[in-house]
Amino acid sequence: MFNQTILTDIRDRIPIVAFIGERVPLKKAGRNYKGACPFHQEKTPSFMVSDEKQIFHCFGCGEGGDVFKFLMKYEGLSFAEAVRVLADRAGVALPKDTVTKGPDEEIARKKKWCYRINQIAAEHFSDRLKSDSGQAARNYLKSREIKDSTSTQLFLGYAEKSWDELVRHLQAKKAPLSLAAELGLIKQRSAAEASQDSSEGYYDFFRNRLMFPIISPRGDVIGFSGRTLEEDSQETAKYLNSPDSIIYHKSNSVLGLHVAAESIRKSDQVILVEGNIDLVSLYQAGICNVIAPLGTALTSGHLRLLSRYTKKMTVIFDGDTAGAKAAMRALPLFLEAELTPRAVALPDGEDPDSYVRKNGDEKFKTLLNEAATLFEFVIDLVAKDTTNDTSGRVEAMQQIIPLLSQVIDPVEQGLYRGYAARRLKVKEEIVTDALQKRTKRSQKGFTSHNTAVESIAMLKKPDQGSGYWAEQLLLETIISKPHLLSKVAGRIEPDQLSDRSYRTIMEIILAEQKNENTFHLSHFLEGIVDPELAAQLRSMAMKAIDIDDTEAAQVIEDCLAVMERRPLEEKIDAVNEAIRNAEAEGNEALLFELLATKRDLAAAVVK
């Protein structure tokens, strides 16, 4: 395991808000920062980050932890991998004899080998593109006016026609072929075929193809996309892409992000194109904030990935029927993610590659600047495809109203209602009425928590729930002001808390304070195995109690007073029951005795 001192040093050197803020847009929210959770789709931001406590927590999906946990979840790394990445960033030297143990050690080792194998393959494909055998691939790039320098910058390559050329290269590099097969670089032969060759029963998956490595923002080669050079073949797929693997998931990965990420952040905009060559041509023209999905239609996973960099997206559609259909498919995904993308429809027969080569980058940028929203683009498509008679308008309304109902922002929805009415040549009241008849989607809002003052007011209400609120507020205050924990020690024992999870939290807090003579939330969370309990604690920690130490001390005192009164109040309840029984039985002696007991208990409660 990594030494706790080293982990603390790394954690202390990397402000978690700054680190996460590089990947997720955050805004100040009191003492914390808030943004849209990168780990699930949500309508209203519920993802909170605290520099003070060095943790993050999503009130929507419950995900949370420290900076190590964030990087593990965000980039799919093991704990050991996350430590190494963050140690390098923090400038903390890890001992050479550091040994990582635990269930993720084997996964980490396997991932390391996968990255290594893909890197070997990428370098090999790059070398082949520059060799004599790569002439056909170079000719193809030349026909598309792609410069050698651009090919080098994007690490393009060539997979030869040979059935086992890559297999033999991997063998020479001592790479495990079974793992290369898992990555989709090679395939296993049948038993009969395998017995007649020396390549350990494998053959190359990519053959006679221009190769585009799929590289993560961290610089790891996670997969490949290969374009055929056999243009006349009816049996050969135009593109082949790596299958999903332990390091690559096509629905959550895009081509070009490793070179586009910085430009996307600087321009606060990302351009989505369909084809690999489209991306290369735009990049060469100086339009660098461009990416392309890989071998699949746009997915919600792609939008979640890109939303980490910007919320402003422009989708480029080819000027044909397929482009129109792609726009219709894409809009619901953007609406679900509460994004308002723009759309550019190129002239019929054009794609981004051909357009930018014919017209130059400035004219292409003009198209971007003049682009309408994707919703308006879709309304135009629907209006164009339907007739101007009543049945055509009804058909158009049936397509547009369900989409309009998904627009959450009332101003944005109002603008689209007006636009739809004008394009369909109907009164806006008709569109509004049709929209109102649809059931509105429920919205999951982010509920703000009670302030300390409100919570104290609840404590002083003489109802059965006050004890629960006292326990919750006590723990929230201790977590917010750990240096005041000494005011609790000796006053109350964990078993006096009625809520089981609160008892567990109090037990661990007091044990941590006893052993360390202090309380560090990030350290404390590491020791909690139960994910629900950890989520509950993070949730409490994010309910920042914005009061000074004097007020916090009074809150603790009030909470303890309520909790100390509770046993007496329970005894009073029992005495009241006994009094009712004594009255029913006519036992005056016992009745007077019980009334005296109740008087003493009531006096104790007042104290």
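Things to note:
- Contour excess over end-to-end distance, with Cα ends at Glu370 and Asp88 and 0.36 nm allotted per residue: 97.2 nm
- Applying 1/(1 + (r/R0)^6) with R0 = 45 Å to the Cβ-Cβ distance of Asp573 and Ala29 gives a FRET efficiency near 0.60.
- Pairwise label distance in nanometres, Trp163 with Asp433, each label 7 Å out on the Cα-Cβ vector: 7.1 nm
- Segments 112-125, 202-215 sorted - mean Cβ within 10 Å per residue, highest first: 202-215, 112-125
- Counted by neighbouring Cβ atoms within 10 Å, the residues Glu429, Glu42 run from fewest to most as Glu429, Glu42.
- Put in line by how crowded their Cβ is, counting other Cβ atoms within 10 Å and starting with the fewest, Ile271, Ile505 read Ile505, Ile271.
- Full extension of the chain segment joining Glu588 with Lys73 gains 178.4 nm, where the gain is 0.36 nm per residue of separation less the Cα-Cα distance.
- As a calculated quantity, the FRET efficiency between Asp549 and Thr5 at R0 = 30 Å, using C-beta atoms, amounts to about 0.55.
- Phi angles of segment 323-335 translate, via the Karplus equation with coefficients 6.51, -1.76, 1.60 and θ = phi - 60°, into HN-Hα couplings of x, 5, 5, 5, 5, 5, 6, 6, 4, x, 5, 5, 5 Hz per residue; Gly and Pro are given as x.
- Phi-derived couplings, Karplus 6.51 cos²θ - 1.76 cosθ + 1.60 at θ = phi - 60°, listed residue by residue for segment 366-381: 4, 4, 5, 5, 9, 5, 7, 5, 4, 5, 4, 4, 5, 4, 4, 5 Hz, with x used for Gly and Pro.
- Here the peptides 166-175, 77-86, 276-285 are ranked by packing, the mean other Cβ count within 10 Å, and the order with the highest first is 276-285, 77-86, 166-175.
- Qualifying trypsin sites (Lys or Arg not before Pro) for segment 371-436 [loop in DSSP, other Cβ within 10 Å: at most 14]: Lys425, Lys427
- The loop-placed GluC sites (Glu not before Pro) in segment 360-428, going by DSSP, that have at most 11 neighbouring Cβ atoms within 10 Å of their Cβ come out as Glu370.
- Fewest-first sequence of Val221, Val394 by Cβ atoms within 10 Å of each Cβ: Val394, Val221
Taken together, the values in this text are just the output of simple stated rules run on the coordinates, not laboratory data. All of these numbers come straight from a predicted model, not from anything done at the bench. Cβ: placed from backbone, ideal geometry, glycine included. Neighbour counts: every protein chain shown.
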